[in-house]
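Student: Here it is, the structure in full.
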């Protein structure tokens, strides 16, 4: 009878982290099968090609080559990934942008269980890992505006070019993503999360409920209640406490 367990590898340059993760999984699940461990990228690439794992626990920060380098060296990536890393702003930003799971060191075992449950579900569905493919494409694409952000809608995950997003608007714990073609995608994440993801791309938080792409700005009206007029006819308010910040940010784009 074929082994029904999910096969996995651990790739981490810190032996103690490997031991903690391996021991925890051994004690708390019998539905997984460890194929091996690797401490650096070249060793991991060879092991992945030989063993064909279904799931990889992958550290980002490793000497000489990092976890992203590993993924880019592989021609085929027919596996799920759970990133395990110390705090790395760039790395976490890239992972979140593609809606992938990550765990911070030292491990929180509740977060591990949640990430593991999602990964195991995806492995059993046997679908291509489109989120991972999107991450690799973004890493390889040096043109910032051509990066695509993964937007999980519940029924599917959409991959949308950053340059096509006009603005984002808060709706309680949901966010409306308004696109250049007039489409509105509603995501069950807060505007704060999209502010963090999109601010490196030049997006500006003008108000508690509004985040804009300045590329689509048409005009700025000052006064008692300052507003920004956007492509598509939308008018976005500027919060009083953000006026100076927004004026300074926009002065090179448009003359108020």
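The values are calculated or read from the model by the stated rules, or taken from the named source; none is laboratory data. Quick caveat, the model's predicted, so the values are computed rather than measured. So basically every Cβ, Gly included, is an ideal-geometry build from the backbone, and we count neighbours across all protein chains shown.
Student: Does residue 211 satisfy the condition of being in a strand (DSSP E or B), surrounded by 16 or more Cβ atoms within 10 Å (Cβ to Cβ) and at pLDDT below 90?
Tutor: Judged against the criteria, residue 211 is not a match.
Student: Also, quick follow-up: Which residue out of 95, 136 is closer than 20 Å to residue 13 by Cα, in contact (Cβ under 8 Å) with a residue 12 or more places away in the chain and within 19 Å of the chain's Cα centre (by Cα)?
Tutor: 95
Student: Can you tell which of 205, 158, 167 is outside the structural domain of residue 77 (by TED's automatic domain parsing) and out of contact with any helix residue (DSSP H, G or I) (no Cβ under 9 Å at 6 or more places or on another chain)?
Tutor: None of the others qualify; the one that does is 158.
Student: Which of the following residues is over 19 Å from residue 102 (Cα atoms), surrounded by 17 or more Cβ atoms within 10 Å (Cβ to Cβ) and in the same structural domain as residue 98 (by TED's automatic domain parsing): 35, 25, 55, 21?
Tutor: Just a single option satisfies the conditions, and that option is 35.
Student: Does residue 124 count as surrounded by 14 or more Cβ atoms within 10 Å (Cβ to Cβ) and in a helix (DSSP H, G or I)?
Tutor: Values: surrounded by 14 or more Cβ atoms within 10 Å (Cβ to Cβ): no; in a helix (DSSP H, G or I): yes.
Criteria not met by residue 124.
Conditions (1) touching a helix residue (DSSP H, G or I) at 6+ places or on another chain (Cβ under 9 Å); (2) in a loop (DSSP other than H, G, I, E, B), marked per residue:
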site	(1), (2)
218	no, no
223	no, yes
229	no, no
232	yes, yes
241	no, no
246	no, no
249	yes, no
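Student: Follow-up question, since we're still on this one. Can you name the number of the only condition in (1) without any contact (Cβ under 8 Å) to a residue 60 or more places away in the chain; (2) more than 24 Å from residue 141 (Cα to Cα); (3) surrounded by 14 or more Cβ atoms within 10 Å (Cβ to Cβ) that residue 243 fails?
Tutor: Only one criterion is unmet by residue 243, namely (3).
Student: Related question: List the number of the failed condition for residue 138; all other conditions in (1) in a helix (DSSP H, G or I); (2) more than 24 Å from residue 77 (Cα to Cα); (3) in contact with a helix residue (DSSP H, G or I) (Cβ under 8 Å, 6 or more places away or on another chain) hold.
Tutor: (2)
Student: Still on this structure, please answer the following. When the residues of segment 65-92 are narrowed to those that are in contact with a helix residue (DSSP H, G or I) (Cβ under 7 Å, 6 or more places away or on another chain) and surrounded by fewer than 19 Cβ atoms within 10 Å (Cβ to Cβ), which ends up farthest from residue 133 (Cα to Cα)?
Tutor: 65
Student: Let me ask something additional. Which one of these does residue 108 not meet: (1) surrounded by 14 or more Cβ atoms within 10 Å (Cβ to Cβ); (2) free of Cβ contacts under 8 Å to residues at least 40 places away in the same chain?
Tutor: (1)
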